[in-house]
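Remarks on the structure that follows.
The values are calculated or read from the model by the stated rules, or taken from the named source; none is laboratory data. If you're wondering where the values come from, they're calculated on a predicted model, not measured in any experiment. Using ideal geometry, Cβ is built from the backbone for each residue, glycine included, and neighbour counts are taken over all protein chains shown.
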Amino acid sequence: MLGSIEKPVEDKSNRLGMTRVGGQMIADYWEDLFTARERGKQIVWYNGGALNPMFQAAGLAWCHGEAFAARLAAQRLEGPAQLAGAEYGYNAELCSYSRTHLGCSVLTLQGTEGDQTGVVGVHDQEVLAAKLPAPDFFVNNYAGCSTGQQWDGISYRVFGKQLPIFNISHPFLWGNKPDSGYLRGAEWEQASQFVASQLRELIGFLEHQTGRPFDYDALSESMTYIKRAAELRREGLDLCKAKPAPATFWDWIASVAPINFLPGSQALVDYFADVRDEIQGRIDHGVSAVKDEKYRLYFDGIMNWNKLGYLSRKFAEHGVAVLAGRYIQNAFWQEPHLIDTSDPILGMAQHYLLCPTNHGVKTLEHLALRDCEDYDLDGLVFHSTRTCRAFTGPQRLLAKAAQDKLGLPSIFFEGDVADASFYKDGILESRLVAMLEAIDVRRERGALPDGFSAFA
Amino acid sequence: MTDTPSEAMERLVGVARDPRAYIGRWRAGHPGGAVLAILPMNFPRELAHAAGALPVIVQDDQEPITEGRALLAEFYCGYTRNLADQVATGRFDVYDAVFSADHCIQLIGATEIARTLRPDTTVFLGMLNSSMNDSWAPAKVTETMAEIQAEIERFTGNPVGREELGRSIEAYNRDRRLIRQLLDTRSAGEAALSPVQLQDIIVSSMVMDPVEHHALLLEALAGLHGTERDDRVRVHLSGHLCHAPRRELLEVIEDSGAIVVDDDLYHGKRYLSTDVAEEGDPIAALAGWYARRNVTIPCPTRVQQDADWDTYLLDAVRHSGAEAVIHLVPKFCEPHMLYYPELRKALDAADIPQLQLETEHEGMPLESFRTRIEALVERTLRRRPVHV
Ligand code: SF4
Ligand code: SF4
């Protein structure tokens with residue numbers, strides 16, 4: 001039956017032990033945020049690129065909207081927030097990150113009426129959604145997706161237009177000029193400078209909000225840790241090219257939150273050093289992430305947070321190691337060399353622009369095909385992320401490019417970032433099986449000799 | 001329209017319903033002239049016109065979506081899926097280039113389809129800064145306008161002189177003013193033209209050369225007599241940011257006991273809301289036009305803390321005396337879905353009856369819409385003072 005979800009017969013996935021450590025760090029972070037106001041901290045709500053080092057240097061507590069919505073979904077606690085959003089009038093086809101988070105805003109407001117403690121939702125105290133402390137102000141840092149920017153404009157309105165809001169504009173990297181390309185060309189340079197200048201304005205805004213001069217040294221320090229953590233993350237990702245793979249895409253998904261919004265600190269560096277070391281240890285001892293790895297696939301789409309554990313088991317059940325994806329290799333401080341820790345603003349601006357929804361298809365194609373070759377992949381799986389138009393827009397074109405240029409097959413399945421109702425298990429199952437069979441057939445036929453194109 | 005449609009009106013209707021035929025005629029009269037596909041909502045067509053090109057705002061052409069399905073996900077708005085379909089099936093081949101200056105992610109998705117499927121065609125995307133309150137916004141928008149100018153000059157090979165640009169600005173202003181008068185007359189109580197006819201007039205202005213359109217419209221309006229408004233329920237139509245609501249839907253609305261007195265549709269007041277200043281530096285004037293458009297009728301795709309669509313809507317309703325509002329929300333239009341609760345809240349607080357209709361590119365449930373509109377009409381009628 002389409003949509004029915006059965007447990008895999010045998011769990012063939014072998015997740016990294018370190019992901020549990022990361023999980024604890026993340027849980028501690030949120031607990032800390034829920035009590036931040038009691039500790040006299042100002043709270044900023046923000047969306048999009050990882051501005052946390054700025055907030056850390058400014059002495060703020062920060063809540064990343066998508067991250068909170070993702071966390072609720074991963075813990076299956078998104079229901080109350082989404083219901084509150086629906087009652088408020090948000091359509092179910094609206095980006096589920098935004099409607100979950102806006103639902104939280106509604107719950108937060110209901111809970112704070114008449115009191116400024118910021119701990120919310122008297123009637124819903126048990127529900128994580130309602131624990132989110134109300135913001136003192138908003139900062140929007142969304143690249144690529146127009147929805148992200150509008151969502152904060154609406155949060156500002158939901159909170160009665162009382163709280164300050166700062167918006168950073170990111171030019172879409174369309175890549176049409178003759179010199180345009182990944183990390184190069186006049187478009188890239190100009191956009192980098194434009195965003196960097198806005199980040200400098202943001203510092204003025206933060207100084208105004210906090211009443212304190214901005215601590216540039218603290219920013220440098222935080223970015224030094226983040227840069228090192230990002231380098232270790234890259235090293236770990238590179239190790240996963242080994243056969244069989246020592247860790248998979250799903251392990252890296254579990255490490256998104258630490259790299260994306262935990263404070264820059266030695267603990268963060270240690271975490272990613274340990275992740276890398278665990279992967280190296282697996283290679284040294286011949287331990288694989290998927291028992292009897294038979295296929296290696298690419299995963300495109302924003303994460304389906306409701307189904308992280310389920311999907312990791314499901315692919316492993318079929319002997320599939322999912323190894324690369326736009327959301328992992330091409331996001332989250334993925335180009336650490338761009339960061340000059342003594343003056344990190346420009347490198348930060350560039351990373352925000354490098355959001356994987358902010359490139360034209362030409363660049364996305366370059367990145368996806370590069371990763372398919374580097375990880376020696378057999379095919380691609382596209383998570384047609386129902387309410388995220390930003391990620392899904394170029395997917396059909398990417399699938400075609402992979403087929404035409406590398407001869408790689410792909411499948412699409414539907415799901416969503418934070419709304420479980422869009423996931424259809426039967427569709428994924430049948431299409432995955434069909435693709436794996438096609439890969440088998442191709443393997444049996446043998447590879448083409450060098451120099452021959454896969455397509456006539 | 002109570003009068004028999006004039007030949008001029010019929011020609012306007014013809015252009016609106018078959019832009020490709022008009023483009024063919026224009027080409028014949030302008031050998032070597034470029035026809036540009038312009039994507040909504042804020043592209044400064046004046047710049048292209050001044051370079052001797054014909055900038056045509058691409059319409060949702062009402063054909064069923066076939067090949068476009070394999071290019072954009074089904075949960076993209078109908079307009080963008082239709083654009084993808086037009087490209088995939090060769091219906092876009094009437095254009096020499098594509099120019100867009102916006103940032104809706106769905107529109108960018110459709111623009112990508114055009115660029116990928118037609119690799120030899122110029123497909124330009126100039127993002128007009130959509131965060132309007134920033135101190136650097138005016139300079140950034142002016143810079144983008146200058147970039148658009150340079151790109152158009154490069155593509156057409158024609159420099160855009162200051163004088164030509166001034167003339168184009170005047171021509172578009174003149175045409176906008178004339179259509180605006182028709183809409184104002186409608187709000188003031190004379191309903192000489194039906195919503196479908198007004199839409200045809202506006203669509204034809206999006207397609208045609210403005211000088212030609214203005215002349216034809218003047219001719220169409222000569223001899224047209226206004227009629228007093230009847231006592232149907234006066235409604236304001238709100239929404240449809242990029243494409244025209246289906247004509248059948250407009251007809252159903254007016255057949256169900258409502259009369260449209262005002263709107264903020266793209267194919268309505270939104271498109272015509274603002275003129276470009278005719279004095280001073282024309283590039284700065286176009287930048288100013290872009291900023292003022294969002295103040296005259298705020299758009300949910302822009303971020304501007306001190307401009308609110310809900311406030312605008314309440315003012316408009318008070319001004320036109322509309323008794324109810326119908327929200328026409330194209331399915332999957334994210335900016336509209338995000339903003340809709342704010343509109344609903346404001347109207348509820350002001351005790352104004354409202355109805356939300358979610359429209360689709362094809363397969364609209366017109367009969368169920370009719371029932372719901374009739375219910376709105378009933379509800380609104382009951383609120384009228386009873387005269388005994
Ligand atoms: S639509 Fe996608 S990219 Fe846009 S805000 Fe939502 S989750 Fe983010
Ligand atoms: S604004 Fe709405 S109608 Fe226009 S392209 Fe975007 S989603 Fe479609």
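Please specify each residue of the range B:51-76 satisfying the condition of being in contact with a Lys or Arg (Cβ under 7 Å, 6 or more places away or on another chain) and of a type in the set (A, V, I, L, M, F, W, C).
B:I65, B:A70, B:L71, B:L72, B:F75
Any idea how many residues of the range B:6-21 are over 19 Å from the mean Cα position of the chain (by Cα) and surrounded by 14 or more Cβ atoms within 10 Å (Cβ to Cβ)?
Matching residues across the range B:6-21 total 4.
Look through A:A402, A:A390 and report the one residue that is within 14 Å of another protein chain (Cβ to nearest Cβ), within 16 Å of ligand 2 (Cβ to nearest atom), surrounded by 22 or more Cβ atoms within 10 Å (Cβ to Cβ) and modelled with pLDDT of 95 or more.
Only one candidate passes the filter, namely A:A390.
Can we say A:D416 is within 21 Å of A:P356 (Cα to Cα) and of a type in the set (D, E)?
yes
Can you tell me how many residues in the range B:305-341 are within 17 Å of B:R270 (Cβ to Cβ) and more than 16 Å from ligand 2 (Cβ to nearest atom)?
Qualifying residue count for the region: 15.
With the requirement that a residue be hydrophobic (A, V, I, L, M, F, W, C), more than 7 Å from every other protein chain (Cβ to nearest Cβ) and crowded, with 22+ Cβ neighbours inside 10 Å, what does the range A:150-174 give you?
Within the range A:150-174, A:F166, A:I168, A:L173 meet the criteria.
Output the residue which, of all residues in the range B:242-280 that are in a loop (DSSP other than H, G, I, E, B) and among the β-branched types (V, I, T), is nearest to ligand 2 (Cβ to nearest atom).
B:T274
Which of the residues spanning the range B:172-203 are in a loop (DSSP other than H, G, I, E, B) and either of a type in the set (V, I, T) or surrounded by fewer than 16 Cβ atoms within 10 Å (Cβ to Cβ) (or both)?
Hit for the range B:172-203 is B:G189, nothing else.
If you scan the range B:167-201, which residues turn out to be among the aliphatic types (A, V, I, L, M) and either touching a Gly at 6+ places or on another chain (Cβ under 8 Å) or under 14 Å from B:H213 (Cα atoms) (or both)?
B:A171, B:L178, B:I179, B:L183, B:A191, B:A192, B:L198, B:I201
Quick one: what pairs do we get from the range B:292-306, first residue facing chain A (nearest Cβ under 8 Å), second in a helix (DSSP H, G or I) and of a type in the set (G, A, S), C-beta under 6 Å, 6+ apart or different chains?
B:V303/A:G153
Looking at B:S100, is it of a type in the set (G, A, S), more than 8 Å from every other protein chain (Cβ to nearest Cβ) and more than 16 Å from ligand 1 (Cβ to nearest atom)?
Here the answer is yes, as B:S100 does meet what is asked.
What is the residue count in the range B:126-144 for residues that are under 28 Å from B:L71 (Cα atoms) and in contact with a helix residue (DSSP H, G or I) (Cβ under 6 Å, 6 or more places away or on another chain)?
So the answer is 3.
Which fully enclosed helices (runs of 4 or more DSSP H) of the range B:23-130 have 2 or more residues being closer than 30 Å to A:H383 by Cβ?
The helices (runs of 4 or more DSSP H) meeting that bar are B:78-88, B:105-117.
Which condition does B:A291 not pass, out of (1) under 19 Å from B:C104 (Cβ atoms); (2) more than 16 Å from ligand 2 (Cβ to nearest atom); (3) touching a Leu at 6+ places or on another chain (Cβ under 9 Å); (4) among the aliphatic types (A, V, I, L, M), if it passes all the others?
So the condition that B:A291 fails would be (3).
Please verify whether the range A:114-137 includes one or more residues that are at pLDDT 95 or above, surrounded by 24 or more Cβ atoms within 10 Å (Cβ to Cβ) and within 14 Å of another protein chain (Cβ to nearest Cβ).
no
The rows are residues; the columns are (1) assigned to a helix (DSSP H, G or I); (2) β-branched (V, I, T); (3) touching a Leu at 6+ places or on another chain (Cβ under 7 Å).
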residue: A:Q280; (1), (2), (3): yes, no, yes
residue: A:E293; (1), (2), (3): no, no, no
residue: A:F299; (1), (2), (3): no, no, no
residue: A:K307; (1), (2), (3): yes, no, no
residue: A:A316; (1), (2), (3): yes, no, no
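Looking only at the range B:330-349, which residues are outside any helix (DSSP H, G or I) and either touching a Leu at 6+ places or on another chain (Cβ under 8 Å) or within 14 Å of ligand 1 (Cβ to nearest atom) (or both)?
Selection gives B:P330, B:F332, B:C333.
When you scan the range B:292-312, how many residues do you find that are more than 17 Å from the chain's Cα centre (by Cα) and of a type in the set (A, V, I, L, M, F, W, C)?
2
Mind checking which residues of the range B:168-183 are within 19 Å of B:L198 (Cβ to Cβ) and hydrophobic (A, V, I, L, M, F, W, C)?
Within the range B:168-183, B:L178, B:I179, B:L182, B:L183 qualify.
Kindly indicate which of B:I352, B:I283, B:I326 is more than 14 Å from chain A (Cβ to nearest Cβ), touching a Ser or Thr at 6+ places or on another chain (Cβ under 8 Å), away from ligand 1 (no atom under 16 Å from the Cβ) and not in a helix (DSSP H, G or I).
One residue alone meets the criteria, B:I326.
Kindly indicate the residue of the range A:372-387 that is out of contact with any Cys (no Cβ under 6 Å at 6 or more places or on another chain) and not in a strand (DSSP E or B) and also farthest from ligand 2 (Cβ to nearest atom) among those meeting that condition.
A:D376
Any residue that is part of a strand (DSSP E or B), facing chain A (nearest Cβ under 9 Å), within 16 Å of ligand 2 (Cβ to nearest atom) and on the phi < 0 side of the Ramachandran plot - is there at least one of those in the range B:357-379?
yes
Considering only the range A:360-371, I want to know if a residue exists there that is buried (at least 24 other Cβ atoms within 10 Å of the Cβ), of a type in the set (G, A, S) and more than 16 Å from ligand 2 (Cβ to nearest atom).
yes
Against the condition part of a helix (DSSP H, G or I), more than 16 Å from ligand 1 (Cβ to nearest atom), without any contact (Cβ under 8 Å) to a residue 60 or more places away in the chain and out of contact with any Gly (no Cβ under 9 Å at 6 or more places or on another chain), how does B:Y312 come out, does it pass?
yes
Look through the range B:93-103, keep the residues that are modelled with pLDDT of 95 or more and within 16 Å of ligand 2 (Cβ to nearest atom), and return whichever of them is surrounded by the fewest Cβ atoms within 10 Å (Cβ to Cβ).
Among them, the one singled out is B:V98.
Just one of the numbered conditions (1) small (G, A, S); (2) surrounded by fewer than 24 Cβ atoms within 10 Å (Cβ to Cβ); (3) within 11 Å of chain A (Cβ to nearest Cβ); (4) touching a residue at least 40 places away in the same chain (Cβ under 8 Å) is not true of B:A139; which one?
(4) is the only condition that B:A139 fails.
Could you tell me whether any residue of the range A:51-68 is within 20 Å of A:N167 (Cβ to Cβ) and acidic (D, E)?
There is at least one residue in the range A:51-68 that is within 20 Å of A:N167 (Cβ to Cβ) and acidic (D, E).
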